[in-house]
Structures are given as C-alpha cells and as structure tokens.
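The structure appears below as structure tokens.
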Amino acid sequence: MKVAVMKVAIQGELGSFSHEAAERMLPGCAVVSCARSAEVFDRVEKGSVAAAVIPIENSLAGTVAEHADLLVARDVFIQAEFLLCIVHNVIAAPSVKLGAVRRVFSHPVALDQCRDFFRHHPKIEPVPFYDTAGSVKYVVAENLPDAAGIAGRHAAREYSGKILQAGIEDDKRNFTRFFLIRKSVAKPGAAATRQKGRAGSASRYQRLIPPGANKTSIAYKLKNQPGALFKSLSVFALRDISLSKIESRPLRGRPWEYVFYVDFLRGDDEPARNALRHLGEVAEFVKVLGIYPAA
C-alpha cells in the first residue's frame, strides 16, 4: 500500500533556505514551491497542501513583514518554530572559477549580509535577484562564465552548481526563524475581526496544539487611548508571564492604526487563558496566531 507523502508549501525556489527548513522540520515531506507568499497561504487555506513553512524573522534583518501581515489576515495556525543557521555560499556553474566571476546574483537581504566578501573582491558586482536559490538556478541553467549566485548548500545540490567559496556571511550567528503553519479550525475571517471583549480563545484551536507546546504568538489591536499599551502588557505581568517579543506593525487598509505582535512563554494553560481573556477586555481584537513548542 502506497503511503501518501505530506505536501508542504514554501515561498521561493526549490533549494532555498525555506526548502531546507521544511525538510528538517518534516523529514520526507514533498515540498511545493510557490512564487508568491500569498499563494503559500492560499494553498494552506484551500487544503491543496497539508502545511507550509515560512520564514518569519531573521536575527539580522528582522521580521518578514508580509508574512506577519498574512498571519493576521488569513485563517492559519502556527504549530512549530525552527531556527536555521544561515550559511551563504558563492555558487556557480561547474566550469566557472572564482577568479573569472564579475557578477554575483542573490536576494538583496543575502547580498547585504555578505558585505565583507564584496569588500575583499572589489571587481565583483553584487546584483539583486528575486531569490537566493533562484540565482543559482539561473547562473547554472544559463552556464554563465562570469557569474555566480549566493545561496545555501541545498541550492548547489538542487541545481548541480559548484561552491566556489563557502561561509561568506559577515556574521556567523545569523539565524532565520521559521514557522510551520496549518489551516485553522476558526471560522473564516472571524479572528481578524473579533470585537472588544471577545478575545481569541486557545481552546478553539485545541486540536491543532501539539504536545509540549510552551510558547504562544498573538496579535492584537488597541484603541489610541492613554495607557492602552500599559494595560495590555499588564495582563501578562500580573501573571508572571514572560514576553519573548513585542513588535507593532501598520494595520493594512487602516492608515495610522497598528497591530501589536507578542510572543509569550506559556502554552495553553490557565494563566495564559486568563491573560487572553483579560486582554480581550482592553483590546479591540485579539488573534491567537499559534501555540507551539519553543525552538
């Protein structure tokens, strides 16, 4: 009997860091490459894939804004997080030597994380490209004699490229945080439009909370009133709940209004549920983005 392979969507080309993260989080999965982030979320919501793996934050570049917005807007739920150490490599077609390279393609964030390489190789021009793995796919497919891409080892294996120089990133403690997301059991759109006093209840997602979950991600919106942020944070302080991250982002479609993103170090227990209920009393809406084991 043939066992169905779990399909997992990623944004970007095969061989990307997202591809590597997906295979390490879900060994044996079938990775489905998507051109756009919105397509990744579409596939999860429609059920054409079982899950998706998305980058949410880089230790140097910060939050992936589009993915943060989509987590609020779409009916998905975070089940796991994973920290991947990012190692950048110069990769070219098999016949190319480093001395012949005059252009190096990659995603702008990757180029920015490899400034020392370009300082030591002033004859090489950094060229922005849509994707790290995509840059390797391009230079190898075109057999460019004077060009290379910057990407991970997965890309070299995927497209039969040759690593000309490994580990060129400026900061060796460069990590990207990835989320594993699945389709939510919530009613479509309900979480993002919930009114004051009706905070997102963790119990609504009970079937999706994995064993050992000890971390929660939420998003919430406050009215622009004196002390509103203080009151929202006090619901955690009063219960000795530690926050590992807090950040605000503009709310799409509503200029000069903001959503707060908070990660706190508790799972689905009584203090966390009480904090969420309390938060619902002071916030316009609260959405539980996920409850999962901390990486």
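What follows draws every value from the coordinates through simple rules; no lab data is involved. The model shown is predicted, which means the values in this text are computed figures rather than measured ones. Glycine gets a Cβ as well: all are built from the backbone with ideal geometry, and neighbour counts include every protein chain shown.
Side notes on the structure shown:
- Residue match in region 73-86 (condition: in contact with a Phe, Trp or Tyr (Cβ under 6 Å, 6 or more places away or on another chain) and over 30 Å from G212 (Cα atoms)): no
- Among the residues of region 260-285, those identified as under 24 Å from G62 (Cα atoms) and either in a loop (DSSP other than H, G, I, E, B) or touching a Phe, Trp or Tyr at 6+ places or on another chain (Cβ under 7 Å) (or both) are F260, F264, L265, R266.
- Selected residue (criterion: surrounded by the fewest Cβ atoms within 10 Å (Cβ to Cβ)) from residues of region 140-159 that are under 27 Å from the mean Cα position of the chain (by Cα) and of a type outside the set (A, V, I, L, M): R157
- Taking the criterion of being loosely packed, with under 15 Cβ neighbours inside 10 Å and under 15 Å from Y220 (Cα atoms), the only residue of region 278-295 that qualifies is E281.
- Selection of region 247-270 for residues being of a type in the set (G, A, S) and either under 19 Å from the mean Cα position of the chain (by Cα) or buried (at least 18 other Cβ atoms within 10 Å of the Cβ) (or both) yields S248, G267.
- Condition check for V109: among the aliphatic types (A, V, I, L, M), surrounded by 15 or more Cβ atoms within 10 Å (Cβ to Cβ) and within 24 Å of the chain's Cα centre (by Cα): yes
Listed here are the residues, each with its yes/no results for (1) over 22 Å from E23 (Cα atoms); (2) in contact with a Leu (Cβ under 9 Å, 6 or more places away or on another chain).
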site: R115; (1), (2): yes, no
site: E125; (1), (2): yes, no
site: Y138; (1), (2): yes, yes
site: P145; (1), (2): yes, no
site: R153; (1), (2): no, no
site: E158; (1), (2): no, yes
site: L164; (1), (2): yes, yes
site: D171; (1), (2): yes, yes
site: N174; (1), (2): no, yes
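- Members of region 224-246 found to be surrounded by fewer than 15 Cβ atoms within 10 Å (Cβ to Cβ) and either part of a loop (DSSP other than H, G, I, E, B) or of a type outside the set (A, V, I, L, M) (or both), listed by number: N224, Q225, P226, G227, F230, L238, D240, S242, S244, K245
- Test for E39: is it over 23 Å from P293 (Cα atoms) and either part of a helix (DSSP H, G or I) or in contact (Cβ under 8 Å) with a residue 60 or more places away in the chain (or both): yes
- Residue in region 64-77 that is part of a strand (DSSP E or B) and crowded, with 19+ Cβ neighbours inside 10 Å present: yes
- Boolean, S48 is part of a loop (DSSP other than H, G, I, E, B), over 24 Å from the mean Cα position of the chain (by Cα) and touching a residue at least 40 places away in the same chain (Cβ under 8 Å): no
- Residues within region 243-258 that are polar (S, T, N, Q) and touching a residue at least 24 places away in the same chain (Cβ under 8 Å), tallied: 1
- Matching helices (runs of 4 or more DSSP H) fully within region 97-156 where at least 2 residues are in contact (Cβ under 8 Å) with a residue 60 or more places away in the chain: 132-141
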